Amino acid sequence: MREVKVELGERAYPIRIGAGLLQDGAALSALVTGQHVLIVTDGNVAPHYLAQVQQALAGKTTNAVILPPGEQEKTLARFGDILAALAALGASRDATVVALGGGVVGDLAGFAAACWMRGVRFVQLPTTLLAMVDSSVGGKTAVDLPSGKNLVGAFHQPAAVIADTRTLDTLPLRELRAGLAEVVKYGAIADAEFFAWLEGHAEALIARDPEALAEAIAVSCRQKAGVVARDETEQGERMLLNFGHTFGHAIETEQGYGGLLHGEAIAVGMVLAAKLSTQLGRAPAADADRLAALLVRLGLPIALPPGLGAPALLQRMRLDKKAVSGALRLILWRGLGQADVVRDVPDTEILSLLR
Ligand SMILES: NC(=O)c1ccc[n+]([C@@H]2O[C@H](COP(=O)([O-])OP(=O)(O)OC[C@H]3O[C@@H](n4cnc5c(N)ncnc54)[C@H](O)[C@@H]3O)[C@@H](O)[C@H]2O)c1
Ligand SMILES: O=C(O)C(=O)C[C@@H](O)[C@H](O)[C@H](O)COP(=O)(O)O
Ligand SMILES: [Zn+2]
């Protein structure tokens, strides 16, 4: 088992990474301090893993919400369903909400935990690669609106993250690839050495080599934990974790959350950010090419899907949460491992890139 700590003073918490962690009933049970537990999961995850989590929590008063899977369900309506389940459970302020699933379940359950009685304990049991390396860590919780991704949410840190890497055995390959996009992001923004390691282990990762996956998860979590500890609420450095996201979120929204997966949209968005950096004379073209080549080897898209208009995408980008008084702030780079926040990129440059 590997462990990474998110250092947030009294709210510090562990990220445990290892094969079979969901089978350790005593360890799971110890994470729940009160009597009431609501497990939030989805229809793909529940048949594989819900029973073993329920068994681990057998001494508690538990209830489970099984949501329909997919990004299109990350809505205020599903958030309402989770709150209704907490009410039905009679959950008091010492209740725990447990998210068992990917980032959709984690973001929804975390937002409900942030809001129920103004905040209750929350535990993340991520079952996708993307959730293990990114969404379960750092306390961003949210739902989407038709007008934009994650527009309604809260910062609410989990009490612990338990990543059982054995759950990745049942994850569809397309979802594994999507998670790798966020792994590549960590190399791209701040760790050229890790990027090179990924280039050397691309095939092993796709083949689900357990050692390679555990290493990629641990390095990613270490980087994210450090950023979150230094800038929990995204006043500065944390914005770098949004590399590719101003473009990617616009794509997801414009496609009605039923097109590219989040990780796929971020792969396209990172390539667009790298190309824009080159276009603006800030970074070598060779680095954008290297990023695109790795993403292609990982089976990820690198070009805008057909049918998306440049002006419509730019309009979507304006609701990005990093914008200040309506002016965009983009995460660009000076090359591999060197991302930064850039203001005042002319619309004409963005439109010509998107076209
Ligand atoms: N809070 C954050 O910091 C943060 C970071 C990154 C992404 N996100 C959000 O996370 C979401 C994407 O998360 P995701 O990629 O995990 O998607 P997801 O939650 O939709 O899960 C992907 C798919 O895999 C299925 N699944 C999950 N685990 C499985 C398993 N072990 N075996 C079989 N099937 C399994 C799910 O049912 C779903 O169909 C997006 O909404 C994104 O905005 C949030
Ligand atoms: O944790 C962060 O900070 C991130 O930006 C991680 C992203 O991968 C993630 O998709 C996040 O949900 C995006 O946040 P948002 O604030 O742009 O909605
Ligand atoms: Zn993301």
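All of the numbers you see were taken from the coordinates with simple rules; none came from a lab. Predicted, not measured: the structure shown is a model, and the values here were computed from it. Glycine gets a Cβ as well: all are built from the backbone with ideal geometry, and neighbour counts include every protein chain shown.
Going through the cross-link list 149/322; 185/224; 74/185, which pairs have a Cα-Cα distance over 18 Å in this structure? In this structure, 74/185 lie more than 18 Å apart at Cα. Of the residues 243, 79, 122, the one that moves most in a GNM of the chain with alpha-carbon contacts below 10 Å is 79.
For the chain, the longest principal axis of the Cα atoms and the long axis of helix 76-89 meet at an angle of about 20 degrees. The sum of -39500 (n - 2.57) across all DSSP H runs of n ≥ 4, divided by the residue count of the chain, sets its helix-only mean residue ellipticity at 222 nm to -14000 deg cm²/dmol.
Between the helical axis of 192-206 and the longest alpha-carbon principal axis of the chain there is an angle of about 60 degrees. The ranking of 289, 191 from fewest to most other beta carbons within 10 Å of each one's beta carbon is 289, 191. The spacing between the range 217-291 and the range 26-50, judged by their C-alpha centroids, is 31 Å. Against the chain, whose longest principal axis is taken from its Cα atoms, helix 46-56 shows a tilt of about 50°. When 1/r is averaged over all different Cα pairs and the result inverted, which Kirkwood radius in Å belongs to the chain? Across the chain, the inverse of the average 1/r is 20.3 Å. Near residue 299, once Lys and Arg are set to +1 and Asp and Glu to -1 for all other residues with Cβ below 10 Å from its Cβ, the sum equals +2.
Residue 336: net charge of surrounding residues, Cβ under 15 Å, Lys/Arg +1, Asp/Glu -1, itself excluded?
Numbers: positive: 185, 275, 282, 290, 334; negative: 191, 193, 199, 287, 289, 340.
Its environment carries a net charge of -1.
The residues 147, 220, 325, 92, when put in order of fewest to most other Cβ atoms within 10 Å, stand as 325, 147, 92, 220. Relative intensity of the range 14-130 on a log10 scale, I(q)/I(0) at q = 0.11, 0.13, 0.15, 0.17 Å⁻¹, equals -0.30, -0.43, -0.58, -0.76, per a Debye sum over C-alpha point scatterers of equal strength in the absence of solvent.
Of 221, 115, the sequence from fewest to most neighbouring Cβ atoms within 10 angstrom is 115, 221. Enclosing the Cα atoms of the range 173-354 in their convex hull gives a volume equal to 107 cubic angstrom per residue.
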